[in-house]
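The values are calculated or read from the model by the stated rules, or taken from the named source; none is laboratory data. Note that the structure is a prediction, hence the values are computed from the model and not measured. When we count neighbours, we look across all protein chains shown, and the Cβ atoms used for this are built from the backbone with ideal geometry, even at glycine. The protein model used for the area step is the full one, side chains on, heavy atoms only, and it has no ligands, DNA or RNA in it. Shrake-Rupley method; radii C 1.70, N 1.55, O 1.52, S 1.80 Å.
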Amino acid sequence: MTYQSPLLQLPGAVAAPEGHPEIGVPWHWGDPFAEQRTAARSVAVVDRSDREVITVRGPERLSWLHLVLSQHVTELPDGAGTEALVLDSHGRIDAHMVLAHLDGVVYLDTLPGAEATSALPKGGRQSLVDYLAAMKFWSDVEIHDATGELAVLTLLGPEVDAVLAGLAVDLGAEPYRVTVLPGGGLARRMPWPGRHAVDLLVPRDELPSWWQRLTGAGARPAGSWTFEALRVESLRPRLGLDTDDRTIPHEMNWIGSAAHVAKGCYRGQETVAKVHNVGRPPRRLVLLHLDGSPEITPEPGDPVRLGERTVGRVGSVVQHHELGPVALALLKRSAPVDAELLAGVDDRVVQAAVDPDSVPAEAPAPGREAVQRLRG
């Protein structure tokens, strides 16, 4: 059964259309562009309670997670967080999650329905929590699906700290800083979407009362449309929309933030290290500006073409309050970023142009630098 947030029953809440990935939480509250402006200029709160939450306890929690996840977490301090991935044996992305380490517990929150390639010999796929349990072996850890106990809310905007102060929460300014919430749960500073974001993991049975506390402290209700618009603007991918079954971390800008290149002993590490040290990823994530004159937009998975040649795929597509219709796209590295492109298929084809600011200048790969020095 599809999850339905209790906040969808509140006056003004508008559900997403059928088939939308955020069908279980409010899509907007009547004026999505005004909600986006509030999130950019003041403070807004978004219901993201459809996310799954997993807890890991036990004396070996960090050393065990270090072996399973792509991120370096053996020395993750109490009161800190990070991002991490689960990769398959070829280094392709299975799952993305955000971590918080607090009072001897590691909290992992991830997209609903998160899966990983099975660790069992028969292969296939299994839920993320089942995959983690299968990888436990003899480690002294306790893995628990806490989705029924904790729900995620996100504060967005330059005035988030004023709302936190009204709740007697002092989070500090460091990204991924974690602190306890009064009455249970935790707050985690995030570097995205936008420049000001804080995730709250609150008791699920208190979700409506927490919503009232946050809106009473000055946060305006905003829907998942607002979060997605700021996420796309921030060039932050969403697994399943901006990725396919071949995507590796380098293509999503997740090297460093979610995947560590210097540590070994995790599944897919060979690909991560090889692409980082020797070569270049075959594709890169960019922001596309879409022609807004026709009342159509492409859909995730649609091709991006240069003339008759397919050079990429469309990912997340949103209507942004300032940028208009924009999308994330995964383009071949050989595709020129200053060319006129076409995005979409059939009757939803529109002209598209790459935002030049979304294509960072590249430094030579470390391995290539070494080869060049030897040849010189």
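Can you give me the % of accessible surface on the chain that is carbon or sulfur? Probe 1.4 Å, all protein chains present, nothing else counted.
Answer for the chain is 52 percent, counting heavy atoms of protein chains only.
Heavy atoms of the protein only, probe of 1.4 Å, neighbouring chains included. What is the accessible area of ASP291 in Å², nearest 10?
We get 60 Å² for ASP291.
With N residues in the chain, what two-decimal value do you get for its Cα radius of gyration over 2.2 N^0.38 Å?
Values: Rg = 20.9 Å, N = 376, 2.2 N^0.38 = 20.9 Å.
It is 1.00.
So who's got an amide H within less than 5 Å of the one on VAL345, skipping anything under 5 residues away but keeping other chains? H placed 1.01 Å off N, in plane.
Under 5 Å from the amide H of VAL345: GLU299.
Rounded, prolate or oblate, given the Cα gyration tensor of segment 313-356, with a/c below 1.5 counting as rounded?
Numbers: a/c = 1.71, a/b = 1.23, b/c = 1.39.
Cα axes put segment 313-356 in the oblate bin.
Under a 5 Å amide H to amide H cut-off, with H placed in plane at 1.01 Å, what residues pair with GLN71 once short-range neighbours are removed?
LEU85, HIS260
By how many nm would the segment from SER334 to ASP346 grow when fully extended, if each residue of separation counts as 0.36 nm and the alpha-carbon distance is taken off?
Gain on stretching SER334 to ASP346: 1.8 nm.
State the answer as a single residue: which of GLY123, TYR107, PRO77 lies farthest towards the positive end of the charge dipole of segment 53-145, with beta carbon charges of +1 for Lys and Arg and -1 for Asp and Glu, about the Cα centre.
GLY123
At 1.4 Å probe size, put ARG283, ARG61 in order of accessible surface, largest to smallest.
ARG61, ARG283
How many Å² of accessible area per residue for the chain, probe 1.4 Å?
For the chain, the solvent-accessible area averages 44 Å² per residue.
Could you please put PHE137, PHE33 in sequence from largest to smallest accessible area, using a 1.4 Å probe?
My answer, sorted largest first, is PHE137, PHE33.
Straight-line reach only, C-alpha to C-alpha below 20 angstrom: list the lysines that LYS122 could link to, leaving out same-chain residues fewer than 8 apart.
Leaving aside lysines fewer than 8 places away in the same chain, those within reach of LYS122 are LYS136.
For ASP245 paired with GLU149, estimate the spin-label separation in nm (one decimal), with each label point 7 Å from Cα along the Cα-to-Cβ line.
So the label points at ASP245 and GLU149 sit 3.6 nm apart.
Based on Cα coordinates alone, diagonalise the gyration tensor for segment 71-211, multiply each eigenvalue by 5, take square roots, and list the semi-axes in whole Å, largest first.
Over the Cα atoms of segment 71-211, the ellipsoid semi-axes are 29, 16, 15 Å.
Mind checking which aspartates and glutamates have their C-alpha under 20 Å from LYS332, skipping anything on the same chain fewer than 8 residues away?
List returned: ASP242, ASP244, ASP245, GLU251, GLU299, ASP302, GLU308, GLU340, ASP355, ASP357, GLU362.
Tell me the label-point distance for the pair GLN9, ASP170, using the 7 Å Cα-to-Cβ offset, in nm and rounded to one decimal.
3.9 nm
Just from the alpha-carbon atoms, what are the Rg and Dmax of segment 35-133 in angstroms?
15.5, 52
Over the chain, what is the relative contact order in whole percent, taking alpha-carbon pairs under 8 Å and six or more residues apart? Each step should come with its number before you reach the end.
Values: 841 pairs, mean separation 62.1, N = 376.
Value for the chain: 17 percent.
For ALA95, what residues show an amide H to amide H distance below 5 Å, using hydrogens built from the backbone and excluding near sequence neighbours?
VAL86
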